[in-house]
Amino acid sequence: GENVEQHPSTLSVQEGDSAVIKCTYSDSASNYFPWYKQELGKRPQLIIDIRSNVGEKKDQRIAVTLNKTAKHFSLHITETQPEDSAVYFCAASLPPGKIIFGKGTRLHILP
Amino acid sequence: KAGVTQTPRYLIKTRGQQVTLSCSPISGHRSVSWYQQTPGQGLQFLFEYFSETQRNKGNFPGRFSGRQFSNSRSEMNVSTLELGDSALYLCASSLDTGDGKTQYFGPGTRLLVL
């Protein structure tokens with residue numbers, strides 16, 4: 001069935017270092033891969049997304065890579081800052097209109 | 001543009017009761033999805049409505065149902081509540097254009113079943 005695996009479940013990095021979160025998806029029909037950030041007590045907010053016809057996308061300190069053959073996609077955050085501490089969710093869409101989320105990664109930025 | 005809104009924000013019910021949650025999407029958005037969020041389980045997909053039709057369904061029992069109105073507002077109903085239904089229920093709306101879509105989430109309804 002449709003599944004999105006996300007690793008690690010918890011990640012602690014020193015402020016200024018990079019963080020990488022990895023996801024795999026099961027259905028080859030998936031064509032849209034968003035990443036959401038959820039701060040404590042708040043709603044999930046889209047931070048970056050990538051479509052299946054693109055291999056990499058970057059937005060300032062955030063980048064996402066997609067390997068369609070291996071069904072892998074990853075989130076990279078460089079020069080981490082305290083405000084990056086949150087739970088991050090990857091997701092994969094299945095047309096028409098279904099989006100399956102991973103179980104989330106709790107990112108801690110250490111001072 | 002006003003964001004996605006959900007009512008009520010908090011709800012306390014007892015086992016066996018039923019509950020109805022409401023979601024108003026961003027103006028112009030025709031797709032509304034519902035998710036259940038619990039610690040450690042992430043966001044679990046309940047169902048998605050598009051133009052008043054349920055287009056997708058997750059793996060939840062029939063006690064969970066929903067509907068969408070002609071103005072795209074959506075309601076979710078849970079009957080015969082169980083303790084395990086305690087969770088944050090999030091809805092998200094999107095334009096659903098092209099081969100991908102950006103979902104915008106509401107603040108959620110936190111349901112506690114006693």
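The values are calculated or read from the model by the stated rules, or taken from the named source; none is laboratory data. Please read these numbers as outputs of a predicted model, since none were measured by experiment. FYI the Cβ positions are ideal-geometry reconstructions off the backbone, even for glycines, and counts take in every protein chain you see. The accessibility values were calculated without ligands, DNA or RNA, using every heavy atom of the protein model including side chains. Shrake-Rupley method; radii C 1.70, N 1.55, O 1.52, S 1.80 Å.
Run the numbers on chain B and let me know its relative contact order in percent, using alpha-carbon pairs under 8 Å that are six or more apart.
Details: 290 pairs, mean separation 40.8, N = 114.
Taking the mean separation of contacting Cα pairs over the length of chain B, I get 36 percent.
Tell me the accessible surface of A:Asp17 in square angstrom (1.4 angstrom probe, heavy atoms of protein chains only), to the nearest ten.
Spelled out: A:Asp17, probe radius 1.4 Å, area about 80 Å².
How many Å² of accessible area per residue for chain A, probe 1.4 Å? Don't jump to the answer; show the numbers that get you there.
Numbers: 5600 Å² over 111 residues.
That works out to 50 Å² for each residue.
So between A:Glu5 and A:Leu40, what do we pick up on full extension, going 0.36 nm a residue minus the alpha carbon distance? Intermediate values should be presented prior to the final figure.
Numbers: separation 35, 0.36 × 35 = 12.60 nm, distance 2.21 nm.
Length gained, A:Glu5 through A:Leu40: 10.4 nm.
Total Å² of accessible surface buried at the B-A contact, 1.4 Å probe, nearest 100?
About 1700 Å² of accessible surface is lost on pairing.
If I model a spin label as a point 7 Å beyond the Cα along the Cα-Cβ vector, how far apart are those points for B:Ser51 and A:His72 in nm?
About 4.0 nm separates the two model spin labels.
So, with a 1.4 angstrom probe, what is the percent of accessible area on chain B that is carbon and sulfur? Let's see the in-between values first.
Details: 2600 of 5290 Å².
On chain B, the fraction of accessible area on carbon and sulfur atoms equals 49 percent.
Return the subset of A:Lys22/B:Lys13; B:Lys13/B:Lys101; B:Lys13/B:Lys57; A:Lys58/B:Lys57 for which the Cα-Cα distance in this structure is over 31 Å, preserving the input order. Let's see the in-between values first.
Numbers: A:Lys22/B:Lys13 38 Å; B:Lys13/B:Lys101 34 Å; B:Lys13/B:Lys57 25 Å; A:Lys58/B:Lys57 33 Å.
Result: A:Lys22/B:Lys13; B:Lys13/B:Lys101; A:Lys58/B:Lys57 exceed 31 Å.
Let me understand the protein assembly as shown better: what is its radius of gyration from the alpha carbons, and its Dmax, in angstrom?
17.4, 51
Taking +1 at the Cβ of each Lys and Arg and -1 at the Cβ of each Asp and Glu, which of A:Gly97, A:Ser26, A:Thr10 sits farthest along the dipole of chain A towards its positive end, judged by Cα position relative to the Cα centre?
Result: A:Gly97, furthest along the dipole toward the positive end.
Could you give the semi-axes, largest first, of the ellipsoid that matches chain B, computed as the square roots of 5 times the alpha carbon gyration tensor eigenvalues and rounded to whole Å? Intermediate values should be presented prior to the final figure.
Working: eigenvalues 108, 38, 35 Å².
Value: 23, 14, 13 Å, ordered largest first.
Distance in nm between label sites at A:Ile62 and B:Arg15, each 7 Å beyond Cα in the beta-carbon direction?
Rounded to a tenth, the inter-label distance reads 4.2 nm.
Write out the GluC sites (Glu not before Pro) in the stretch A:50-111 meeting two conditions: DSSP loop, and at most 14 other Cβ atoms within 10 Å of their Cβ. Intermediate results must be reported in sequence, preceding the final value.
On the way: sites: A:Glu56, A:Glu79, A:Glu83; in loops: A:Glu79.
Of the GluC sites (Glu not before Pro), the ones in loops of the stretch A:50-111 whose Cβ has at most 14 other Cβ atoms within 10 Å are A:Glu79.
Take the alpha carbon atoms of the stretch A:1-74, find their center, do the same for the stretch B:1-45, and report the distance between the two centers in whole angstrom.
24
Among DSSP bridges having both ends in chain A, what percentage is antiparallel? Round to the nearest 5.
90
To the nearest 0.05, how large is the calculated FRET efficiency for A:Glu79 and A:Arg106 if R₀ is 35 Å and r is the Cβ-Cβ distance? Can you show the working numbers first?
On the way: r = 20 Å, r/R0 = 0.56.
The computed FRET efficiency comes out at 0.95.
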